[in-house]
1. Kindly indicate whether any position in segment 187-203 is in contact (Cβ under 8 Å) with a residue 24 or more places away in the chain, in a helix (DSSP H, G or I) and surrounded by 11 or more Cβ atoms within 10 Å (Cβ to Cβ).
2. If I filter segment 60-97 down to residues being out of contact with any strand residue (DSSP E or B) (no Cβ under 7 Å at 6 or more places or on another chain) and buried (at least 23 other Cβ atoms within 10 Å of the Cβ), which single residue comes out as farthest from Gly50 (Cα to Cα)?
3. For the subset of segment 192-217 comprising residues that are among the charged types (D, E, K, R) and at pLDDT below 95, which member is farthest from His180 (Cα to Cα)?
4. List the number of the failed condition for Lys153; all other conditions in (1) closer than 20 Å to Glu223 by Cβ; (2) in contact (Cβ under 8 Å) with a residue 24 or more places away in the chain; (3) in a loop (DSSP other than H, G, I, E, B) hold.
5. Any chance you could count how many residues in segment 156-171 are more than 16 Å from the chain's Cα centre (by Cα) and farther than 20 Å from Leu22 by Cα?
6. Out of the strands (runs of 3 or more DSSP E) lying entirely within segment 45-150, which hold 3 or more residues that are out of contact with any Phe, Trp or Tyr (no Cβ under 7 Å at 6 or more places or on another chain) and closer than 22 Å to Gln168 by Cα?
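The values are calculated or read from the model by the stated rules, or taken from the named source; none is laboratory data. Every value quoted in this text rests on a predicted model; they were computed, and no experiment measured them. Positions of Cβ are backbone-derived with ideal geometry, glycine not excepted, and every protein chain shown enters the neighbour counts.
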Amino acid sequence: MNSTIETILNHKSIRKFQERSLTKEQIETIVKSAQAASTSSFIQAYSIIGVKDQQKKEKLAELAGNQAYVAQNGHFFVFCADLHRHELIGEMEEKDFSGALESTEKFMVSLIDAALVAQNASIAAESMGLGIVYIGGIRNNLEEVCQLLNVPKKVIPLFGLAVGYPDQSPDVKPRLPLAHIYHEDSYNENNSVLKDQLKDYNELISSYYEKRTSGKRKDTWTEQMAQMLSNPKRQYMKDFIEGKGFSRR
C-alpha cells in the first residue's frame, strides 16, 4: 500500500479546525490538483469560489444550517457547476449552444466534473496534513448563496468544502461492505443477500456510534437513512436548476 492509498483510506470528516489560515501556496496547490481531475470531453464545466471574507463565511455558515466550521476553518471552497463560460464561447465562436447547454446531459456532465475536481482537491488537502469536510448545506437556500457570491446564470453552487488544520481526530467511519457495493458483470439483485449485508453493517455502525459517544448514541445506518429519507429536503431544487438555464430538455 502506498502513501496515496493510505491517505484515501484514512479519510475522516473534520468539523473542528485550528485558527490558522491556509497560505496562498497551499490554496493554489489544492486548486491545481483539483484541475488535474478528469473532465468529460475536456469541457471543464466547473468553477471553484474561494471564500476568505469572514462576513461571507459567517453568512454561508448561517445559510448552511448554522454549521460553525463553515466560518471557522483555514479556507472555504465552493464548487460550482459552470456552463457560463461555454455561453461566452458561443458568443466568441458565433454559435448557438442553447440546445446543448440546456440539456440534462450537460447538466449531468457539469455535476460530475465538479464532483471529480472536488475529490481531487480533498485528497490533495489531506495529503498535505490538512482536514476537510464537505458542506451540502449551502443548497438550503441557493438564491441567497448566489447573491452572496455574485454567481451568474448557468452557474450553480453545489457544495462547499471546509479545509484547515485539524483540531480533532475522530475515528474513520466504517463504510458499507465491499461485497455490497462492488458487483461483477451484472448487478446483484438478490435482495435477501443485500438485506443481510445491511443488517451486518447496521451492527458495525451501531457499535461505532456507541463507542464514539460513550453509549449516548447507537442508531443503525438503515435507521439513519429511514429518518432522513422520510423527510424530503430542498424541494425547490428542480425549479431553481431550470431557472439557472440547466436541464430544460
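1. Step one: filter segment 187-203 for residues in contact (Cβ under 8 Å) with a residue 24 or more places away in the chain, giving 198, 201.
Next, only the ones that are in a helix (DSSP H, G or I) stay: 198, 201.
With the extra rule that they be surrounded by 11 or more Cβ atoms within 10 Å (Cβ to Cβ), the set shrinks to 198, 201.
The answer is yes; a qualifying residue exists.
2. The initial filter retains those residues of segment 60-97 that are out of contact with any strand residue (DSSP E or B) (no Cβ under 7 Å at 6 or more places or on another chain), namely 61-63, 65-66, 68, 71, 83, 85-97.
Now drop any that are not buried (at least 23 other Cβ atoms within 10 Å of the Cβ), which leaves 61, 83.
Values: Ala61: 14, Leu83: 18 Å.
Applying the filter and picking the extreme gives Leu83.
3. Our first condition is that a residue be among the charged types (D, E, K, R); within segment 192-217, this holds for 195-196, 199-200, 203, 210-212, 216-217.
Of the ones still in play, those that are also at pLDDT below 95 are 210-212, 216-217.
On the way: Glu210: 23, Lys211: 24, Arg212: 24, Lys216: 28, Arg217: 25 Å.
Going through the qualifying residues, I end up with Lys216.
4. Against the list (1) closer than 20 Å to Glu223 by Cβ; (2) in contact (Cβ under 8 Å) with a residue 24 or more places away in the chain; (3) in a loop (DSSP other than H, G, I, E, B), Lys153 comes up short only on (1).
5. The total comes to 2.
6. On the way: elements: 46-51, 75-82, 131-135.
Counting at least 3 such residues, we get 75-82.
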